1. Name the one entry in Gln135, Gln61, Gln121 that is without any contact (Cβ under 8 Å) to a residue 40 or more places away in the chain and of a type in the set (S, T, N, Q).
2. Output the number of residues of the range 157-204 satisfying the condition of being closer than 30 Å to Leu227 by Cβ and in contact with a Lys or Arg (Cβ under 6 Å, 6 or more places away or on another chain).
3. Just to check your reading of the model, which residue among Leu184, Leu227, Leu214 is in contact (Cβ under 8 Å) with a residue 24 or more places away in the chain, more than 17 Å from the chain's Cα centre (by Cα) and under 23 Å from Ala314 (Cα atoms)?
4. Give the range 239-282 a look and list any residue that's within 26 Å of Ala129 (Cβ to Cβ) and touching a His at 6+ places or on another chain (Cβ under 8 Å), or say none.
5. Name, by its number, the condition in (1) loosely packed, with under 11 Cβ neighbours inside 10 Å; (2) within 27 Å of the chain's Cα centre (by Cα); (3) outside any helix (DSSP H, G or I) that does not hold for Ala291.
6. Scanning the range 234-274 for residues that are assigned to a strand (DSSP E or B) and of a type in the set (Ser, Thr, Tyr), which turns out surrounded by the fewest Cβ atoms within 10 Å (Cβ to Cβ)?
7. Applying the selection to the range 134-188, what residues are surrounded by 14 or more Cβ atoms within 10 Å (Cβ to Cβ), of a type outside the set (A, V, I, L, M, F, W, C) and under 26 Å from Ile202 (Cα atoms)?
Amino acid sequence: MNVFIGLDVSLASTAICVLGPQGRIVDELQAESEPEALVRAIASLSYSIDAIGLEAGPLSQWLSKGMEEAGFDVVMMETRLVKAALKAMPIKTDRRDAQGIARLLQMGWYRPVHRKSVSSQEIRALLTARKSVQQAIINLELSMRGVLRNFGMKLGHVTRIRYETRVRELVEQNEILSASTEALLRARSQLRAELADLDAKIAGLAKHDDVCRLMMTMPGVGPIVALTVKSAIDDPTRFARSKDVGPWAGLTPRRTQSGEMDIVGQITRAGDRGLRTALYQAAMILMHRGAPNWLQAWALRVAHRRGSKRALIALARRIGVVLHRMWRDGTPFRYAQSPTATA
């Protein structure tokens, strides 16, 4: 019996839809959004289950891992495709969404999502914490600039080291402004200390990781970029070809073609935003400050033909491809292309 189960996961509960042959609904359940509760609910069914599908989301990694350990075949489905398919339904409820997910699974009209390992998820949590602290520092500094500007006090271009001194110079004659900025400066100082601790932790992780050390042989790739690429890809064997990394990271042009119309637009921005940002930052460094190498020379030729913006995007995409190939082959970055590669 061909039985497919669709799960619509929310924070508290999960709607379960069981589809039999010819797309007939044979059962509908509801369970808590816990691996143990879902396993009990599915195990209570008297059917031979072919596959279980759920949309990729915040809880999906945890729930799919628990169900797979219980012996079920679980498929995480790409959110964009599922959302586009469910959007056609005139009425949206958790029950109907579970039905739609089950039907997509039965038809095979989905794109599976890789379930990351626990170590990759831990690294991603550390990188996310660093990004949050860094953004909090930026928001504090911008808020301070806005407060001082109301009184005609212009901070101007100032380095990170001289920031506090410059602020205190501007407000030293005003007791109320001095009190308000001191609170913000203390918060900024504490956040910068936390950021330094996180940077040291990230640098230590990259230093003791063989894959990250290999990636950091490329100019422009530091501990943050290396750990971001490693945690995003997780398993290099996922990709049959290294060139598949570019479209997966959303760094290929969007295309709309119909009849005589054929529009090539901006990049798709599909996939991991943090990975795209890291690759773009590595491209900026490699193109303008990195040691001379074949990849930099290639990007400069592209910039001469198509402009610097397109060249940076193309270089970011190619950095991802080269890093994946280095990881697969276990070879460091070569500053000069071999004759075979050039041919």
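1. Gln135
2. Within the range 157-204, residues that are closer than 30 Å to Leu227 by Cβ and in contact with a Lys or Arg (Cβ under 6 Å, 6 or more places away or on another chain) number 1.
3. Details: Leu184 fails: under 23 Å from Ala314 (Cα atoms); Leu227 fails: more than 17 Å from the chain's Cα centre (by Cα).
Only one candidate passes the filter, namely Leu214.
4. Val245
5. Unmet condition: (2).
6. First, the residues of the range 234-274 that are assigned to a strand (DSSP E or B): 253-258, 261-267.
After this cut, where a residue has to be of a type in the set (Ser, Thr, Tyr) as well, the list is 256, 258.
On the way: Thr256: 9, Ser258: 7.
So the residue we want is Ser258.
7. Within the range 134-188, Gln134, Glu141, Tyr163, Arg188 meet the criteria.
Residue by residue, here is whether (1) farther than 29 Å from Ser231 by Cα; (2) not hydrophobic (A, V, I, L, M, F, W, C) holds:
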{"residue": "Leu29", "(1), (2)": "yes, no"}
{"residue": "Leu45", "(1), (2)": "yes, no"}
{"residue": "Ser48", "(1), (2)": "yes, yes"}
{"residue": "Val75", "(1), (2)": "no, no"}
{"residue": "Ala88", "(1), (2)": "yes, no"}
{"residue": "Asp94", "(1), (2)": "yes, yes"}
{"residue": "Leu105", "(1), (2)": "no, no"}
{"residue": "Gly108", "(1), (2)": "no, yes"}
{"residue": "His114", "(1), (2)": "no, yes"}
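The values are calculated or read from the model by the stated rules, or taken from the named source; none is laboratory data. Quick caveat: nothing in here was measured; it's all calculated off a predicted structure. No Cβ is skipped: glycine too gets one built from the backbone with ideal geometry, and neighbour counts run over all protein chains shown.
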